[in-house]
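The block underneath contains the structure these notes are about, expressed in structure tokens.
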Amino acid sequence: MRDVSIHTEFITLSQLLKWAGLVGTGAEAKSLIEAGAIRVNGEVERRRGRKLREGDTVQYGEHVLRVRRQSDTG
């Protein structure tokens, strides 16, 4: 499992896939999501605008990502 840090309250599913480097473009993310290839918290997710927050997990094949919120302090 790989942690992905965000600086905001949430990140959309398609943004996370691009940010983590699992896809190169938004169109690629859209295709994978619509095909049912992405799971969020263990369930197939077909909404690319799904808001992911601290602790959510995303799975694509063997890749598992966990959303972590990085604090603004420090």
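Readers should treat all values here as calculations from the given coordinates under stated rules, not as data from a laboratory. Since we're looking at a predicted model, the values are computed, not measured. Glycine gets a Cβ as well: all are built from the backbone with ideal geometry, and neighbour counts include every protein chain shown.
Please compute the contact order of region 2-69 in relative form: average sequence separation of alpha-carbon pairs under 8 Å and at least six residues apart, divided by the residue count, as a percent.
Relative contact order for region 2-69 comes out at 40 percent.
Determine the calculated [θ] at 222 nm for the chain from helices alone, applying -39500 (n - 2.57) to every DSSP H run no shorter than 4 residues and normalising by the residue count; nearest 500 deg cm²/dmol.
Calculated mean residue ellipticity at 222 nm is -6000 deg cm²/dmol.
Compute the normalised compactness of region 2-69: alpha-carbon radius of gyration over 2.2 N^0.38 Å, N being the residue count.
0.96
Check which residues have an amide H placed less than 5 Å from Ile38's amide H, if you skip close sequence neighbours.
Under 5 Å from the amide H of Ile38 lie the amide H atoms of Glu45, each far enough along the sequence or on another chain.
How about the chain: which GluC sites (Glu not before Pro) there are in a DSSP loop, with at most 13 other Cβ atoms within 10 Å of their Cβ?
Glu9, Glu54, Glu62
Amide H to amide H, which residues 5 or more places from Leu52 or on other chains are under 5 Å from it, using H placed in the peptide plane?
Ile11, Thr12, Leu13
Hey, with R₀ at 35 Å, roughly what FRET efficiency would Ser5 and Thr25 work out to, going by the Cβ-Cβ distance, to 0.05?
With R0 = 35 Å, the Cβ-Cβ based efficiency is 0.95.
Filter the trypsin sites (Lys or Arg not before Pro) in region 23-74 down to the DSSP loop ones having no more than 13 other Cβ atoms within 10 Å, then list what survives.
Arg46, Arg47, Arg53
For region 38-52, just list the computed ³J(HN,Hα) in residue order, Karplus coefficients 6.51, -1.76 and 1.60, θ = phi - 60°, integers in Hz, with x standing in for Gly and Pro.
10, 10, 10, 6, x, 10, 4, 10, 10, 9, 6, x, 3, 7, 9
Karplus couplings for region 64-69 from phi (6.51 cos²θ - 1.76 cosθ + 1.60, θ = phi - 60°), rounded to Hz, Gly and Pro as x?
Running phi through 6.51 cos²θ - 1.76 cosθ + 1.60 with θ = phi - 60° gives 10, 10, 10, 7, 10, 9 Hz.
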